[in-house]
Structures are given as structure tokens and as C-alpha cells.
Amino acid sequence: MKLFYALSFLTIISFSANAQDASTKKTEQIADFTLGFGTGQSTVSFGYFKNWNLGKKQSFYIGTGVRLSNAFGKNQIFTSAPASLAANSANKDSLFSTSASTYALNAILNLGYHISPKLDVGFNIDLIGVSFGPSRIKLFSGNGTSTTTTAEPTRMNVLLVGNNDRGSLNSEFYLRYKVNNKIGLKLAYQHFFTELTTASKVQTLPTQNDRFRNITNLFSIGVAYHF
């Protein structure tokens, strides 16, 4: 999900909403727990954010933090991940996974707007980190043949935009309602890249490749705790 669209979305919200003074604090710290539900995949995420409120009314905020995202999938198809292959469907080979588990620990960027003292709208995205998880047998299909191979989560995660991304990366648009001074409830739309690396370069045409990606969109709910 491109950062440009996120910034545009937040800018439109800022001009259309009649926001009140969101907070007297210049900074805020939030821990949250999120569950995601999508076709063939579910996620569990734990995040810690530190936000800085900006502007005359401190209505905008920008923050950073860290997030551990756990993705669990069944009967998923992973396709060739490198940008040179992903851009052309004719160049994509695939891995079929009956089950996959990926754990991604990433630094994050968080952007948002206080619509009111109780309601926030925002966007966050993973920037860089590491993934880990079990190595499992997958079915590779390409070059008119099928064969079994082993694959595990790609170790390094880096946000490079679109097909250039590497590894497993999580992002979300969210609405968060503050029930009281400490607890908030969140609804979110999650966009999750999960990437596997095979034990050898099983794809040979049009170039050798061992990285395969699945992209899943999920509906998410969460609970936030404000320090």
C-alpha cells in the first residue's frame, strides 16, 4: 500500500472534519492487540507506538514503534516475488502451501488525525525488520512441471514500495475510538505481504528465483491501551 495514498487520505480527512482539540499532551504512548481475518489467512499482532501530536490544536500525529505480526495461512498460493517477475503474470511461477506460519518483527511508521478527543483515524506501515517461522514442504509449479520443495519465511523485511518490497510486511488503515482515558477500540483494514524463500532457486525461467509472495487483505479488530 503506497504511502502517498495514505497521506492523501489523511489530508482529505483533516479538511473535511471539524476537529476539536484532541489532546493536551504533546506525546502519547499506545500498546495494541489486533486480530485480522481474511480469506485463507488470519493474523495476530502486538504493537507499541509512540506518537507526537502536531499543529496548533495538536490534531495531527506522527509516530514510530515496533510490531510483532503473526500470520497463519491455509491453502495459499505464493507467486514470484521479485519486481522483475511480479510485474508480468507470464513470468510468475507459484508455490502452493497447505499451511504456513510467519512471524514478522518490524519497525513501523504511524500517521493519523484526531477527529475528536475520542476518535482517531490513521495509517501505519511496517518499514524494516526480520521474519522467522518453520520450514515446510510446498508444491512448486512452473515451467510446465510440478515438484515439491521446502520453504521458510524470507529473513529480511524491507519496505521498498509495491513489488519492490521484500519479506513480510503489515500495514493498516484504522479507526480508533477511545472508550476512556486508557482503553480504545479499533476497526482496521489490513494489507499483509507474506514472503517465503525456497531452499533452492526452483524457478529457472525467465530467471532464477527463490522468493515467492502472498498478498492478503483482512478485516481487523483491536484493543489499544494508552499509557
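The values are calculated or read from the model by the stated rules, or taken from the named source; none is laboratory data. Worth saying up front: this structure is predicted, and the values here are computed from it rather than measured. Cβ coordinates were reconstructed from backbone atoms using ideal geometry, including for glycine residues, and neighbour counts include every protein chain displayed. We work out accessible area using only protein heavy atoms, side chains counted, and drop any ligands, DNA or RNA first. Shrake-Rupley method; radii C 1.70, N 1.55, O 1.52, S 1.80 Å.
Please tell me if Leu111 is closer than 30 Å to Thr27 by Cα, within 17 Å of the chain's Cα centre (by Cα) and hydrophobic (A, V, I, L, M, F, W, C). For Leu111, the condition - closer than 30 Å to Thr27 by Cα, within 17 Å of the chain's Cα centre (by Cα) and hydrophobic (A, V, I, L, M, F, W, C) - is met.
Looking at the structure I just gave you, is Ala100 buried (at least 22 other Cβ atoms within 10 Å of the Cβ) and either modelled with pLDDT under 95 or in contact with a Cys (Cβ under 9 Å, 6 or more places away or on another chain) (or both)? For Ala100, the condition - buried (at least 22 other Cβ atoms within 10 Å of the Cβ) and either modelled with pLDDT under 95 or in contact with a Cys (Cβ under 9 Å, 6 or more places away or on another chain) (or both) - is met.
The single condition among (1) of a type in the set (Phe, Trp, Tyr); (2) over 13 Å from the mean Cα position of the chain (by Cα); (3) surrounded by 13 or more Cβ atoms within 10 Å (Cβ to Cβ) that Phe192 does not meet is (2). Scan the stretch 63-75 and tell me whether some residue there is more than 21 Å from Ile30 (Cα to Cα) and β-branched (Val, Ile, Thr). No, because not a single residue in the stretch 63-75 is more than 21 Å from Ile30 (Cα to Cα) and β-branched (Val, Ile, Thr).
For Phe37, the requirement of being at pLDDT 95 or above, open to solvent by 40 Å² or more (accessible area, probe 1.4 Å), closer than 30 Å to Ile115 by Cβ and not β-branched (Val, Ile, Thr) is met. Going through (1) surrounded by 15 or more Cβ atoms within 10 Å (Cβ to Cβ); (2) farther than 25 Å from Ile221 by Cα; (3) among the polar types (S, T, N, Q) one by one, Ser146 falls short only on (1). Checked against the criterion of being buried (at least 22 other Cβ atoms within 10 Å of the Cβ), of a type in the set (Gly, Ala, Ser) and either within 14 Å of Phe192 (Cβ to Cβ) or in contact with a strand residue (DSSP E or B) (Cβ under 6 Å, 6 or more places away or on another chain) (or both), the candidates Ser94, Ser69 yield just one match: Ser69.
Within the set Thr34, Thr27, Thr43, Thr39, the sole residue that is of a type in the set (Val, Ile, Thr) and in contact with an Asp or Glu (Cβ under 9 Å, 6 or more places away or on another chain) turns out to be Thr34.
If you go through the stretch 143-194 and pick out every residue that is in contact with an Asp or Glu (Cβ under 8 Å, 6 or more places away or on another chain), under 19 Å from Ser99 (Cβ atoms) and not aromatic (Phe, Trp, Tyr), you end up with 3.
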